[in-house]
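Here is the structure we will look at.
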Amino acid sequence: MQLYVPPIRPAETYSQGFWHAIIAGVLYLAGSMLLMVNMLGYFLGHYPQHFDLDEHQRTLILQTMMFFFWLAGGAAVFARVCGMSYADSLYFCDVTVLTVGFGDVLANNDVGRGLVFPYSVFGIIFLGLMINSIHQFAMSMSKENVIHKHALSERQRTFEMTVTTEKELCERLNLPTRPMQGTTASGSDTEVPHKPLHNYGRFETRGQNVVFREQRRPSGRSSSSAGLSRIRSRTSRRDALRHNSSFNDPYVNKNKLAELTRRRRNELIILREDRDRFNAIRDIQAHIGRFKSYYSLFLSIIAFTMLWCVGAAVFWVAEHRIQGLNYFQCLYFCYVSLLTIGYGDYSPRSNAGKPFFVVWSLMAVPTMTILVSDLGDTIVKSYNRGTFTLADWTIMPKRGVWNEVVKKFFSRTERVLESRRSSWVGEVKAVERGIDKPSRDASNNEAENSLNTLIRENDLSDVQLARRLAKAIKKISADLRAPYPKKYTYEEWVEFGLLIRFSASNRFQRHNTGEGVEEGKETLIEEILEWDWIGEDSPMLTGLSESEWVLERLCESLERYTKAQVLEVSRFLRELSPLLTHLPGTTS
């Protein structure tokens with residue numbers, strides 16, 4: 001148009017309809033290119049041929065269509081009633097529904113003012129529904145594509161840093177795991193005694209975290225070749241989650257090997273007991289929760305900043321000739337519009353500014369609303385928690401707050417004293433002696449006591465365990481109705497594990513064959529510690545809440561128990577039927 005049919009200035013200019021067409025062309029181009037990318041992904045095998053819309057996607061499509069029908073239909077009605085052009089009427093409806101209210105375009109008669117009452121109310125309702133659907137859709141997309149991958153990477157990182165035995169520690173540090181082979185002066189092979197681990201470097205132990213500082217050795221061909229041969233002699237692991245396969249690649253160059261070794265030797269985590277692994281997955285969950293909140297807040301801030309700055313630049317170009325606005329004034333106008341304040345001192349007046357404001361505001365105002373929601377989930381929630389804590393200590397004192405502080409102080413003091421008893425030297429000796437031997441700190445003793453309690457409860461009959469299973473199902477059902485997802489303690493999970501696995505077929509076979517109690521106790525420990533909290537079969541990272549996962553497993557256990565009882569009754573009747581046939585006066 002600018003080349004072949006340019007407007008004759010200043011009598012002619014491009015209309016709002018022209019700029020609406022330009023914006024529509026840009027949006028159609030972006031949509032078609034996204035569809036072509038999707039088609040290319042289908043041809044390459046990344047996307048399926050057919051897909052089903054989930055609940056959030058279907059709701060977002062329907063509510064968005066409803067909102068735009070309401071916006072476009074209302075513009076047609078106000079254009080007819082108030083005698084304005086359709087483009088100005090669309091701009092007026094957009095400013096009204098978004099509650100900006102510049103005041104530059106108004107309903108000029110009583111009929112139009114009367115129509116504003118129902119139109120603005122239902123328009124704000126439709127807008128709120130659409131914003132909520134956009135927020136839910138964005139959360140589901142980020143949960144599936146970003147948060148789930150981050151959770152898997154955190155679990156994999158923790159798994160790769162886990163150390164349980166001295167052999168595994170040596171493998172992670174690329175140290176010899178058995179006596180090395182040497183050659184005497186006469187040429188015969190002999191075994192070199194296994195050196196203590198402190199001869200290879202220095203250990204820094206902080207709780208469960210162990211940092212290994214390698215001892216510097218003089219560079220030589222024999223030591224490097226011996227170390228490389230030890231690494232090449234190891235068999236490769238197919239499970240990449242447990243060991244990094246690049247360490248066992250015989251063709252890896254020395255520089256890459258040294259870099260990977262330094263990265264692996266940075267820090268390791270000692271997880272000796274099942275409770276340690278449970279605490280590790282709880283730490284992973286807490287980290288994922290913080291990442292989820294602040295990741296959404298970060299994306300909202302980025303989107304808000306881009307819409308604010310880019311929108312101000314576009315309004316600067318569009319309104320500079322008409323109003324003479326500079327970039328700072330456009331920033332001020334965009335900020336007032338984003339917060340729906342609408343002072344009215346600045347408003348779009350050009351034919352290009354009004355169509356762009358309609359499209360820009362429909363993206364900017366929902367983004368601002370989502371940003372406020374994310375701020376409420378993170379910063380505002382922390383502020384409220386701090387305010388409540390301050391109120392409990394000052395103007396609205398809470399009963400028993402000093403008792404809690406004293407209890408926390410004494411418990412923390414006990415933990416500090418207990419940790420100082422097991423000093424760094426003791427930890428290094430434990431590593432040298434073999435990490436298979438459990439440490440006798442307070443947490444491990446508590447874990448052993450809980451396990452011993454459950455072992456003693458193994459003497460309970462199957463009927464008693466079935467009654468406890470029914471009570472547990474009732475408790476979990478109540479937890480599902482709680483306003484917040486329930487998180488269970490380690491002792492509760494161990495008890496759930498007992499109730500889940502007591503109805504296994506091998507347990508009933510042992511009970512029916514009359515095997516000893518000691519063997520049953522041994523098998524009970526193996527069943528309780530069957531799954532790995534940070535492994536691929538972890539119940540914490542399945543996408544379900546803990547209550548949902550436990551309830552499904554308990555219901556499966558109840559079903560197995562009822563089937564076993566039916567089989568037991570059938571077997572009893574089969575054994576009883578020959579005896580009944582030999583009684584006098586009875587028939588088959």
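Each value in this text was obtained by applying a stated rule to the coordinates, not by laboratory testing. It should be emphasised that the depicted structure is a prediction, and the values quoted were computed from it without experimental measurement. Cβ placement follows ideal geometry from the backbone for every residue including glycine, while neighbour counts extend to all protein chains displayed.
Pairs exceeding 28 Å between alpha-carbon atoms, taken from Lys149/Lys471; Lys407/Lys487; Lys292/Lys408; Lys149/Lys407: Lys149/Lys471; Lys292/Lys408; Lys149/Lys407.
Given a Förster distance of 51 angstrom, what is the FRET efficiency for Val463 paired with Val121, based on the Cβ-Cβ distance and rounded to 0.05? Let's see the in-between values first.
Values: r = 62 Å, r/R0 = 1.22.
Efficiency at R0 = 51 Å is approximately 0.25.
Order these by the 10 Å Cβ neighbour count, fewest first: Trp393, Trp360. Spell out each step's value before the answer.
Working: Trp393 12, Trp360 21.
Least to most surrounded, the residues fall as Trp393, Trp360.
Sorting Leu339, Leu297 from the fewest to the most surrounding beta carbons within 10 angstrom yields Leu339, Leu297.
Taking a quarter of the surface of the Cα convex hull of the stretch 110-158, what do you get in nm²?
Details: hull surface 15.3 nm².
Over all viewing directions, the stretch 110-158 projects a mean Cα-hull area of 3.8 nm².
Extension gain for the segment Leu27 to Ala76, taken as residue separation times 0.36 nm less the Cα-Cα distance, is 15.4 nm to one decimal.
Go through the stretch 1-100 and name the chymotrypsin sites (Phe, Trp or Tyr not before Pro) that are in a DSSP coil and have 10 or fewer other Cβ atoms within 10 Å of their Cβ. Before the final figure, lay out each step's value.
Working: sites: Tyr4, Tyr14, Phe18, Trp19, Tyr28, Tyr42, Phe43, Phe51, Phe67, Phe68, Phe69, Trp70, Phe78, Tyr86, Tyr91, Phe92; in loops: Tyr4, Tyr14, Phe51.
Taking the stretch 1-100 and a limit of 10 other Cβ atoms within 10 Å, the loop chymotrypsin sites (Phe, Trp or Tyr not before Pro) found are Tyr4, Phe51.
Give me the one-decimal nm value for the distance between modelled label points at Val372 and Val37, 7 Å along each residue's Cα-to-Cβ direction. It is 3.1 nm.
Give the order of Ile23, Ile476 when sorted by the count of other beta carbons within 10 angstrom, beginning with the fewest.
Starting with the residue having the fewest Cβ neighbours, the order is Ile23, Ile476.
The stretch between Asp532 and Arg574 holds 11.0 nm of extra length on full extension. This uses 0.36 nm per residue minus the Cα-Cα distance.
Annotation: average projected area of the stretch 17-65 is 4.5 square nanometres, based on the convex hull of Cα atoms across all directions.
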